[in-house]
Structures are given as structure tokens and as C-alpha cells.
Amino acid sequence: METVRCWFKKFRSKEKPKPPSKKKEPTSNGKEGSKMPVNEEAPSNATKQKVEAAKQYIEKHYKEQMRSLQERRERRYSLEKKLADAEVSEEEQNNILKYLEIKETEYMRLQRHKMGSDDFEPLTMIGKGAFGEVRVCREKSTGHVYAMKKLKKSEMLRRGQVEHVKAERNLLAEVDSNCIVKLYCSFQDEEYLYLIMEYLPGGDMMTLLMRKDILTEEETRFYIGETVLAIESIHKHNYIHRDIKPDNLLLDRNGHMKLSDFGLCKPLDCSNIQEKDFSVGNNYSGALQSDGRPAAPKRTQQEQLQHWQRNRRMLAYSTVGTPDYIAPEVLLKKGYGMECDWWSLGAIMYEMLVGYPPFYSDEPMSTCRKLMGFVSYYYAGNMLLFTISKKFFHYYVFLALVFSIMRLYITRIQAHPWFEGIEWDKLYQMKAAFIPEVNDELDTQNFEKFEETIEFQLLQNLAPGES
């Protein structure tokens, strides 16, 4: 508690408090008695944000302290149990437990060390976006390999993305799940914000789909199942991801899937993140009311697949984004909740089985119109899509499942006949549906190659010690 007292002393006035005056205040008509009305200004948004930041800091500090203490107790209890089972002598037990205490003290000292960019060696770039880049990096003191997300602060401020980044950092720190990419630490300097995360060398689902074109029904069931668990883990903490798409589904070296990139995630009770911040939905929502509707050229399924494969990577990195995985209520800027993530998962499921998203078109606006047309068609009461034959199941699986599965609660999704046979609690212990080729911990062959920045090339050319 001493830490809290010291922290709050900073906000106390240095002057001694004066005793309250007994003199009556005059009223507006000059008589003594009732007080004059006081105009108290409401706190500004900046003040509210500072108060909220202080509150979050204190809560996070003590939550981490309690978690660290609990983990320390559990480690000691586990060791004592193992020593008792092994019938180790009392003297040897005491020596081992003393050694554990020494290591625990060293670990606590390391935790208090303030991390910075100088503690890491940046290596190969594996991702690039509007606000920065993602690189494989190595911690200099331990040699451990991580992924470093480096975000330019001035660009985030200019585009009003500060609250999104806070939400991303808070979610990663709060959620402890083997379905989510782990955040190890975060820090900043004058120019950049850094997130040090788990490195998954298996690449992303987009790369896998580009290599294989389509997945089998069993492979699809496996990866959709793992994605269901990932989405459930963030929904449990009252967050919506809002950007579920193949390039945000990463594979570890064993082929298991983890959800990443929470830059558009939103807490359900958040008032700071405005709908205008959701750039993809914002770019297309106004165009849905347009009367001019250019017709997309008719293509066979094979032509559609080839066209999508040629353009998918370019669309993934465009500043406008792609509406292929966005729920209609998001495009229409209507109120939405967790169900928008399930819609996106349904679109990915269709792409895995067919080879391209369900409403893909040459022009994003045409995609939006196809999507809204299907929604109108469905709600008009056309139920024929549920009576399709198995022969055409793969081509219409999204139409049949996005409403019958992906709009349901998680327990009903898991109980759906299409997922029959899945052992949900053992998915991450099973052998994965696909094992990526990974040569070593620094292997980046499963990621796209990026042209290196001039700044990085100059740093690499410096002799040791010059930087």
C-alpha cells in the first residue's frame, strides 16, 4: 500500500488545508442565507482520459502483482509435490527450495528491468502496414526470438488510431489463451510504439490458401474450429475483433492457428472508439445507396478463382481494404455486436472450400452490392438454400451456414452437425491439419518478402559498435 500512498501524494496540494469559513455567503439579492449558484465546469475529455489512464495503470499494476505472487506460489507447491513423490531427503529438499528462491528473486529483478528497442536486434521484415512494420527480432540478452510490431506514433495520432492501439495492447495483455498471439512486453520511445509478441513461423492462412487454392472439408473443419475458439476467447473479455480475415490467422511451426492483429478490436462498452474509425466500413457504406451499378463481367468458377488469386495480396495491403469479410451491419453503420466476427468467419469458411470469398467481385463496390443483395434475398424468406444437394454443398456452404451457424451463440455453433466429431477441448493437442515447412526459429519462408527500408540497410552496414 505504500506505493499507492506515494503515487497519490503527487496529486496533493503542498499548501496546508485551510479550516472552513463560518461566514455566510451572500445571496444574489445581498441577503445572507442560501448560497449563490456555482458554475462547475464538467471535466474535459483530456482530463477524463488521464483519469482513466491512471485507473487502468493502478488496476493493471496490482493485477500483475497478484498474478505474479500466485504463479510463484504454484511453482513452489509443484516443486514440493515432485520432491515428495521422488522421496528426496529433507536436507536435499531444503537445498533445492533455497535454489528456487534465489532463481525467483533473479526473475523478479529481471521483471523490473525497463525494456527498450536497444534490447532487441531487428531482423527480417515479415509485415508492413499504414502505421509501421512487423519484424522478426532477437533479444540480445537471452537470444530468444520474437516478432516486433513497430508503430509510428505521429501517424497514429494523425489518423486518430490511438484508442485502437490502446485497445489492442489491453486485449493482448488481458487475454491468456493458446488461441491468441501472445504479447510479452510493450514500450515506446519518442517516435515509435513497440509491441514484442510471439513469433509464429508457419505464415498466415492467406499464404496457405494461395499455395493450396482450396482446403479439404476436414482441413477446413479443423481450422474453422480453432478460429471459433480464438474468437470465443476474445468475446469472453467483451471485445469484438472486427477484422477477422485469412491474413490475421497465423500458424505456428506445428500448424496450429492463432488469431493476431487486434488493431481494429473494440471493447463492447467503449465510448472512445467511434464508428468513423472503422476505415473499411466507412469507405463503402455511403456507396451502397448509389444508383449507378456497374455490372461485373460474368466469369466461370475457375476464372473467378484465378482472378481472386492474382489480386488478393494487393487487396490485403491496400489503404482502402477489402469488404469481402465484413458483416453487412458494419457496412451499413448500424449497431452491431459480437455477431459481426462470426459473419467474417463464415466468409473465410466459404473461401477455404471454394477458393475465393462468397461475394468477391472486380470492384469493392460490387462486392458490397452482392452482399446486401444476398441479405435481402435471405430475409425475403427464400429457404431453398437449405435444401441444396450434397453435390453443390461446397459452392453454397457459406449461404447455408453463415446464418444457421455463424449467427448462433458459441455453444450452439459447437453443437452444429457440421462440427460433429470435433473434440473442442483437445483441438490444440491434436496433430494439425497442415504442418508448415520450418527450418529453424528464424525461418521466414512462409511470409511474403518485403523490400528493406533504407534506414534498416544503413544500420545493417554499420560496423559493430557504430550504431
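Checked against the criterion of being at pLDDT below 90, under 23 Å from the mean Cα position of the chain (by Cα), closer than 17 Å to Pro201 by Cα and not charged (D, E, K, R), the range 137-146 has no qualifying residue. For the range 407-416, the count of residues that are modelled with pLDDT under 75 and crowded, with 18+ Cβ neighbours inside 10 Å is zero.
Specify the residue that is farthest from Val162 (Cα to Cα); the eligible residues are those in the range 102-132 that are surrounded by 11 or more Cβ atoms within 10 Å (Cβ to Cβ) and among the acidic types (Asp, Glu). Among them, the one singled out is Glu104. Of all residues in the range 182-240, those satisfying the criterion of being over 15 Å from the mean Cα position of the chain (by Cα), part of a helix (DSSP H, G or I), over 15 Å from Ile422 (Cβ atoms) and not hydroxyl-bearing (Ser, Thr, Tyr) are Met205, Met206, Leu208, Leu209, Met210, Arg211, Lys212.
Any idea which of Glu451, Glu437 is surrounded by fewer than 15 Cβ atoms within 10 Å (Cβ to Cβ) and modelled with pLDDT under 90? That would be Glu451, the only listed residue that is surrounded by fewer than 15 Cβ atoms within 10 Å (Cβ to Cβ) and modelled with pLDDT under 90. Considering (1) assigned to a helix (DSSP H, G or I); (2) surrounded by fewer than 18 Cβ atoms within 10 Å (Cβ to Cβ); (3) not small (Gly, Ala, Ser), the lone condition that Leu171 does not fulfil carries the number (2). Residues in the range 219-270 that are among the basic types (Lys, Arg) and either surrounded by fewer than 21 Cβ atoms within 10 Å (Cβ to Cβ) or within 24 Å of Leu209 (Cα to Cα) (or both): Arg221, Lys236, Arg242, Lys245, Arg253, Lys258.
Within the range 167-181, the set of residues being modelled with pLDDT under 90 and either under 11 Å from the mean Cα position of the chain (by Cα) or not assigned by TED's automatic domain parsing to the domain that holds Glu139 (or both) comprises Ala167, Glu168, Arg169, Asn170, Leu171, Leu172, Ala173, Val175. Within the range 198-208, is there a residue that is within 20 Å of Ala347 (Cα to Cα), in contact (Cβ under 8 Å) with a residue 60 or more places away in the chain and of a type in the set (Asp, Glu)? The answer is yes, given that some residue of the range 198-208 is within 20 Å of Ala347 (Cα to Cα), in contact (Cβ under 8 Å) with a residue 60 or more places away in the chain and of a type in the set (Asp, Glu). Can Leu250 be described as at pLDDT 90 or above and over 22 Å from Ile326 (Cα atoms)? No; evaluated as a whole, the condition is false for this residue.
Being surrounded by 14 or more Cβ atoms within 10 Å (Cβ to Cβ), at negative phi and not assigned by TED's automatic domain parsing to the domain that holds Ser186 holds for only one residue in Gln93, Gln161, and it is Gln93. Could you list, in sequence order, all residues of the range 241-255 that are touching a residue at least 60 places away in the same chain (Cβ under 8 Å) and either under 12 Å from Met205 (Cβ atoms) or in contact with a helix residue (DSSP H, G or I) (Cβ under 6 Å, 6 or more places away or on another chain) (or both)? If the condition is that a residue be touching a residue at least 60 places away in the same chain (Cβ under 8 Å) and either under 12 Å from Met205 (Cβ atoms) or in contact with a helix residue (DSSP H, G or I) (Cβ under 6 Å, 6 or more places away or on another chain) (or both), then His241, Ile244, Lys245, Pro246, Asp247, Leu249, Leu250, Leu251, Gly255 are the ones that fit.
The values are calculated or read from the model by the stated rules, or taken from the named source; none is laboratory data. This structure is a prediction, so every number in the text was calculated from the model and none was measured. All Cβ positions, glycine included, derive from the backbone under ideal geometry; neighbour counts span all protein chains shown.
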